[in-house]
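Nothing in this text is a laboratory measurement; each read-out follows from the coordinates by a stated rule. Owing to the predicted nature of the structure, the values given are computational and were not obtained by experimental measurement. Note that we place each Cβ from the backbone using ideal geometry, even for glycine, and neighbour counts take in every protein chain shown.
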Amino acid sequence: MPELAYLNGEFLPIDKALVPIEDRGYQFGDAVYEFIASYNGRLFYLEEHLDRLDRSLKGLSFPPVSRETLRKAVLTLFEKAEIQRAGIYIQISRGVSPRNHAFPDGVHPQIVMTIREIEEKPPELRKNGAAAITVEDIRWGRCDLKTVQLLPNVLAKQKALAAGVFDAIFVSPEGVVREGTSSNICIVADGVVITHPLTPQILPGITRMVVIDLCRELNIPVSERFFKTDALYGSEEAFLTGTVTEVLPIVTIDGHRIGDSQVGPVTTRLFEALRQRSVA
Ligand code: PDD
C-alpha cells in the first residue's frame, strides 16, 4: 500500500480521508503540523519531531493529545505504507465546531496524517547550488510554533518561482535574515557557520539542530547569532536546512554571487555528514 492517510484512529486511502467543513484548521488555520522523513525505512528524529509538535500544541493551548497515540499512529502508518523514503505529514486541529472565534467547549482535536514518497531534489540543484531572493518577513510573531498558517510562506515561495529561483528568504524590516519558506538558513563567514538564534521569529528546525550538532562533531566553528543581508551577500557559503531540503547550497541571492558561486566545502561536508547520520 504505497500512499495512505490516518484520520482520527482510522487508516484509509488519502482520497477517502475527508475533514468536516467546520474544522477549525480549515476555517481559522487553528491547527499545528509536523513533517517527518524516513531514510531507508527508518524515521529520522521522530522523537524530536514529536517534542516540537507537543510544544506547538501547548503554544496554542490545545487540550492534551497523547504522545503515545501519535507515536503509535505514525509507526503504524509507516509500517503499513512500506515506503522507504517517506514523508509523513501530521496535522492536528483544535476540533470541529460551528464557526466562532473563541475556543469552543467540548471539542476534540482532529488528527490527520498522510504518508507519501518524498520527491528528491534534482541532483543538479545539489551539485550546482540554488538561487534565492529575499522577501520582507510579513509573518506573525510566533513563527517558532509550527502552525498551518502558511500563506506568507506560500506567497513568498511563489514569488521566488516567478522570479525563476528556488526559494525566498524572509528578512525583517531591519534587514535581519530569518529563514526560508520551509527551511532554516546558515551562512559561512570566516569559516564560522552562522545561523539565526532560536527566537519566536523562526522555526526551531530539527535539521538545523542536527547540523549544529554535526558542526561540533566535525570541529567546524558554529555560532547562533543574528546577521543581516549584507553579511548574507558577502558570505563565503550559504545553505538551507530542512527535512526535505536537507542541506542545500545557495549560490546566488538577489543576484549577488555567494563566494565564487560554487558549492562550498563546508556545505558539502555537512550535507554528506547529514546523509551519513541518516544511515547510521
Ligand atoms: N518545513 N522553517 C520553516 C518555516 C519550515 O516550514 C521548516 C520545515 C523549517 C525546517 O524545519 P525542519 O528541519 O524541522 O524540517 C524551517 C516543513 C518541512 C514543511 O513545511 O513541510
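Values as computed for the structure displayed
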| item | result |
| --- | --- |
| R0 of 45 Å, Cβ-Cβ distance Leu218-Leu12: FRET efficiency to nearest 0.05 | 0.55 |
| Other-chain or far-sequence residues with amide H under 5 Å of Tyr39's (modelled H) | Phe44 |
| Cα→Cβ-extended label distance, 7 Å offset, between Arg85 and Arg257, nm | 3.2 |
| Fewest-first ranking of Phe103, Phe227, using other Cβ atoms within 10 Å as the exposure measure | Phe103, Phe227 |
| Amide H contacts under 5 Å for Val193, placed H, 5+ residues apart | Val222, Ser223 |
| Hydrodynamic radius by Kirkwood, which averages 1/r over all alpha carbon pairs of segment 62-195, in angstrom | 18.3 |
| Label zone at Trp140 (point 7 Å along Cα-to-Cβ), backbone N below 16 Å, segment 11-47 | 24-34 |
| Long pairs among Lys80/Lys127; Lys16/Lys80; Lys121/Lys157; Lys159/Lys228; Lys58/Lys159, criterion Cα-Cα beyond 24 Å | Lys80/Lys127; Lys58/Lys159 |
| Residues listed by number, segment 9-38, amide nitrogen under 11 Å from Glu117 label point at 7 Å toward C-beta | none |
| Point-to-point label distance, Asp54-Met209, nm (Cα→Cβ direction, 7 Å offset) | 1.1 |
| Order of Ser261, Ser61, Ser182, Ser235 - criterion: other Cβ atoms within 10 Å of each residue's Cβ, fewest first | Ser61, Ser261, Ser182, Ser235 |
| Loop-located GluC sites (Glu not before Pro) in segment 85-172, at most 11 other Cβ atoms within 10 Å (DSSP) | Glu119, Glu120 |
| Ala189 versus Leu155: modelled label distance in nm, points set 7 Å from Cα along the beta carbon direction | 2.9 |
| Under 5 Å, built H, 5+ apart or other chain: amide partners of Thr134 | Ile169, Asp254 |
| Hits among aspartates and glutamates - C-alpha to C-alpha of Lys146 under 17 Å, sequence gap 8 or more where chains match | Asp30, Glu34, Glu47, Glu48, Asp51, Asp54, Asp137, Glu179 |
| DSSP bridge pairs, the chain: antiparallel proportion in percent, nearest 5 | 80 |
| Note, ³J(HN,Hα) from phi for segment 193-200, Karplus 6.51, -1.76, 1.60, rounded to Hz, x at Gly and Pro | 7, 10, 9, 4, x, 6, 9, x |
| In order through segment 267-277: 3J(HN,Hα) via Karplus (6.51 cos²θ - 1.76 cosθ + 1.60), integer Hz, x for Gly, Pro | 4, 4, 4, 5, 4, 5, 5, 5, 4, 4, 5 |
| Exposure proxy ranking, count of Cβ atoms within 10 Å, fewest first, for Thr241, Thr207, Thr147 | Thr147, Thr207, Thr241 |
| Added length on full extension, which subtracts the Cα-Cα distance from 0.36 nm per residue, Val107 to Thr199 | 30.0 nm |
